[in-house]
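The structure appears right after this line, and notes come after that.
What follows is calculated from the coordinates using simple rules that are stated; it is not laboratory data. Everything quoted here is computed from the prediction, not taken from an experiment. A quick note on method: Cβ atoms are made from the backbone with ideal geometry, for glycine too, and the neighbour counts reach across all protein chains shown.
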Amino acid sequence: MLAAREEAIIQAVNRLLAEKGFDAMTVDEVAADVGIAKASLYKHFQSKEELAAAAMVRVMQRAEEFLAAVDAQLVPLDKLKVVVRWMLETLLAGQMPTLPSQNSSLRAVLLANRDYIDALMRISDTLGRWIESAQADGSVNSRLPAVAVLYTLYARACDPVVEFLKAGGQHSDAEIVELVMCTCFEGLNSRG
């Protein structure tokens, strides 16, 4: 029962973070969404930051599962494209938590969370290998530091362009994914 309750809490946090972001989400909303008292919520998680960290650990677990399922026969660039497509689709489905990049208390909790850090390192290592291979075969610009490419790909998971295009109502989710994929992998250069 405890595990089921924590799972329900994490799902609620994930949804609320995706919808509202960290700053706007409240612990009261999480408790109400799960149907428990705020005091009961604090028996599972000590703070709003711990709630967000638990949601991020869950996303990292899903990302690792996805990476493990990527077709090993794909060329490195196509592996990277598959991952970015998954991130964009997850974001559009409201399943990607939106966290502030400059919140020091949240950052401290995330950096202290061994599960989060370990998963982040494993994911970064996998993507880093694919980036370096794509640079070696000439499909990704080798003048760019691999870490800059990695952070560019990670940024797609919280890309405000996706939200702006969705709010504009002129494009379907599939079209938004293709537009962002194009700007990410082909850039803004004219293709004369």
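Can you match volume of the Cα convex hull per residue in Å³ to one of these, [x] 142; [y] 263; [z] 127, based on a calculation from the structure here? So the calculated entry is the one marked [x]. Once the Cα atoms are used to define both axes, helix 48-69 deviates from the longest principal axis of the chain by about 40 degrees. Taking trypsin sites (Lys or Arg not before Pro) as exposed when DSSP calls them loop and at most 14 other C-beta atoms lie within 10 angstrom, the chain has its longest site-free stretch at 1-142. Helix 2-20 axis versus longest C-alpha principal axis of the chain: approximately 60°, rounded to the nearest ten.
Take every pair of alpha-carbon atoms less than 8 Å apart whose residues are at least six positions apart; their mean separation over the length of the chain yields a relative contact order of 25 percent.
Projecting the Cα atoms of Tyr116, Ser172, Cys182 onto the dipole axis of region 56-185, where Lys and Arg carry +1 and Asp and Glu carry -1 at the beta carbon, places Tyr116 farthest toward the positive end.
Taking the chain as the reference, fit the longest principal axis to its C-alpha atoms, fit the long axis of helix 114-136 to the helix C-alpha atoms, and give the angle between the two in degrees, 0 to 90, nearest 10. Approximately 10 degrees, to the nearest ten. In a simple Cβ point-charge model (Lys, Arg +1; Asp, Glu -1; nothing else charged), region 3-86 has a dipole of about 60 debye relative to its Cα centre.
Dipole magnitude for region 56-185: about 320 debye, using +1 per Lys or Arg Cβ and -1 per Asp or Glu Cβ, origin at the Cα centre.
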